[in-house]
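Taking it in order: structure first as C-alpha cells, then the write-up.
The values are calculated or read from the model by the stated rules, or taken from the named source; none is laboratory data. Predicted, not measured: the structure shown is a model, and the values here were computed from it. Note that we place each Cβ from the backbone using ideal geometry, even for glycine, and neighbour counts take in every protein chain shown. These accessible areas exclude ligands, DNA and RNA; they are computed on the full protein's heavy atoms, side chains included. Shrake-Rupley method; radii C 1.70, N 1.55, O 1.52, S 1.80 Å.
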Amino acid sequence: MRFRLRYQQHDLELGEGEFAIGRNASCQLSLDDPLVSRRHALLVVKGINVTVEDLQSRNGVLLNGERITTRVDVRAGDRIQIGSQEMVLIAAAHANQATMTRNPLKMTLPSLTEQAAREPMASDSDLEPSMVRRADAFNLLGSVAEKALALGRAAEAERILASPLADVIEASRAGKKLTATLTDQAARFSAKLATATSKGAWADYVIELYLAQQRMVPATVIDELYTAFRKVTSVDLNRLREYVDVMRANVGSYGPADRFLFQRLEGLERLAALR
C-alpha cells in the first residue's frame with residue numbers, strides 16, 4: 001500500500017523509508033513555524049505500516065489530539081499535529097482531490113508582507129539589530145493578525161505571525177538580548193494565539209521567551225495567559241515551574257508592582273497544575 005501525507009491542500013508522497021519533518025532545510029517537509037523544532041518528527045514507512053516518532057522536540061507531537069511519547073503506528077485518516085501545523089495520513093487511493101506532490105516538499109508558511117521577505121539574512125553579529133527591525137514588522141503584521149483573530153480566523157493569524165515569531169524565538173534561543181518592546185509584542189501575540197487556537201504550545205512559547213530573557217511577564221500578557229490556560233489542552237508545567245523559580249530568586253528586589261505580578265504568576269502555575 002502507498003501512503004501520502006496531506007498538508008495544506010498538498011499530498012506529499014511517502015516512499016519506503018524515513019520522512020523527516022521540522023524547520024531544518026534538510027527535512028523532507030520543512031515548516032517555517034516557531035513551534036516546530038529543527039528536526040521535530042520522523043515518519044517511517046515500512047511495507048504497509050507507517051509509524052511516527054517525536055525526535056525529542058520542544059513542543060511534542062500530537063496524534064489525533066494525544067501527545068505521543070514513543071514511536072507509534074499511524075493509520076490512514078489519523079491526524080498528526082506538529083507545532084501549529086496539522087497533517088493527515090491518507091492511503092494513495094484517496095489522494096485524488098488534492099494537489100499531488102511526488103517529491104518531498106520544502107514548505108514554509110506564507111507571509112502576508114513582502115517587506116519582511118526582502119530583508120537580508122542577518123549574520124550572528126547583527127542578529128540583534130535585525131530583531132529590533134522586526135518590531136516594525138510586528139506593527140504591520142499585528143494589525144492584520146488582530147483583524148483575523150477578531151473574525152475568528154485563528155489559522156490565518158497563525159500564518160501571518162509565524163515568520164516574525166520564529167525570528168524572535170530563534171534569536172532568544174541563540175542567547176540574544178531582545179528589547180522589552182519586541183519581547184512583549186511577541187509574547188502578547190503568542191498568548192492570543194494560545195487563546196484562539198487552544199494550543200498549549202503557544203502558551204509555552206511565552207514562558208520560554210521570558211525565561212530566556214530573565215524578565216517578568218507584564219500584566220497584559222499575564223491577563224491573556226490566564227484566559228489561554230483555561231482553554232488550552234495542556235501546557236509545559238515543568239518549564240513554567242522553572243520560570244517561576246527563577247523569578248522567585250529575585251523577589252527580594254521587586255517593587256510593589258513586580259511583587260503583584262509575581263503573585264499572579266504563582267497563581268498561573270497553580271492553575272496549570274490543576275489541568
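List of remarks:
- Applying the condition of being in a loop (DSSP other than H, G, I, E, B) and not small (Gly, Ala, Ser) to the stretch 64-87 and asking which residue is farthest from the chain's Cα centre (by Cα) yields Arg75.
- Here the condition is being over 27 Å from Arg173 (Cα atoms), touching a residue at least 24 places away in the same chain (Cβ under 8 Å) and among the hydrophobic types (A, V, I, L, M, F, W, C); of Val50, Val36, Val72, it holds for Val50 alone.
- Of the strands (runs of 3 or more DSSP E) lying entirely inside the stretch 7-63, those containing at least 1 residues that are surrounded by fewer than 18 Cβ atoms within 10 Å (Cβ to Cβ) span 10-14, 17-22, 41-46, 49-54.
- Residue check for Leu149: assigned to a helix (DSSP H, G or I) and modelled with pLDDT of 80 or more: yes
- Within the stretch 249-275, residues that are farther than 14 Å from Arg230 by Cβ and among the charged types (D, E, K, R) have Cβ atoms under 6 Å from residues that are open to solvent by less than 30 Å² (accessible area, probe 1.4 Å) and assigned to a loop (DSSP other than H, G, I, E, B) in these pairs: Asp258/Met216, counting only partners at least 6 apart in sequence or on another chain.
- Single unsatisfied condition, Arg133 versus (1) open to solvent by 20 Å² or more (accessible area, probe 1.4 Å); (2) modelled with pLDDT of 80 or more; (3) outside any loop (DSSP other than H, G, I, E, B): (2)
- Within the stretch 180-202, the set of residues being within 16 Å of the chain's Cα centre (by Cα) and closer than 21 Å to Asp258 by Cα comprises Thr183, Gln185, Ala186, Ala187, Arg188, Ala191.
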